[in-house]
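One structure is given here, and the rest of the page talks about it.
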């Protein structure tokens with residue numbers, strides 16, 4: 001098995017960890033996707049462009065990480081359904097008041113419990129990568145641009161790139 005195939009397998013195992021992570025009420029509202037090589041390179045190019053257009057920093061830096069990565073996993077909240085607790089954690093008094101709208105980068109508000117589901121799935125996926133000795137980092141900027149170019153239709157999207165170099169490319173930037 002080549003290193004590229006092995007890292008693709010790691011990303012797929014990460015996707016399984018995200019998919020099977022515990023979710024509020026047992027209802028899965030998450031999307032999970034491993035990008036292919038062409039999608040990964042398109043994402044990196046679009047991240048650079050978005051950083052320039054929006055005048056936001058570090059999109060170019062993170063794009064270079066994506067370009068050098070062996071694989072990228074996207075995890076998103078795909079169904080903006082509340083858990084139905086009327087807890088107010090999202091900023092609305094009742095779940096029926098959550099009327100989302102498109103923001104500058106994401107759609108919201110989102111049920112806080114669905115965001116917790118997303119966090120648990122991200123942690124589970126990152127843990128799997130770590131257990132398999134694949135360097136990884138959870139990145140907000142990946143999700144912003146992946147959503148903008150249609151790689152994910154989720155309300156909020158987060159990316160986890162992975163790599164296998166002799167030195168971790170995500171922490172020495």
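Derivation of every value follows stated rules applied to the coordinates shown; laboratory data play no part. Here the structure is a predicted model, which is why all the values come from computation and not from measurement. FYI the Cβ positions are ideal-geometry reconstructions off the backbone, even for glycines, and counts take in every protein chain you see.
Relative contact order of the chain, please, whole-number percent, based on alpha carbon pairs below 8 angstrom and at least 6 residues apart. Present the calculation step by step, with values, prior to reporting the outcome.
Working: 314 pairs, mean separation 51.1, N = 173.
With pairs under 8 Å counted, the relative contact order is 30 percent.
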Where the centre of each part is set by its Cα atoms, how far does the range 103-173 sit from the range 1-52, in angstrom? 8
Between helix 3-20 and the chain, what is the angle of the helix's C-alpha long axis to the longest principal axis, kept within 0 to 90° and rounded to the nearest 10? 10
Taking the 0 to 90 degree range and rounding to the nearest ten, how far is the long axis of helix 37-54 tilted relative to the main principal axis of the chain, both from C-alpha atoms? 70
For helix 59-68, report the angle its Cα long axis makes with the longest principal axis of the Cα atoms of the chain; keep it between 0 and 90° and round to the nearest 10°. 50
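Listed highest first by mean packing, meaning other Cβ atoms within 10 Å per residue, what order do 131-143, 89-101, 61-73 come in?
Those peptides, ordered most packed to least, come out 61-73, 131-143, 89-101.
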Distance (nanometres) between label positions extended 7 Å along Cα→Cβ at residue 87 and residue 130: 2.4
I'm spelling it out carefully: the read-out is Cα extents along the principal axes in Å, the candidates are (1) 50, 32, 26; (2) 50, 37, 25; (3) 50, 47, 34, and one was derived from this structure. Which label? (2)
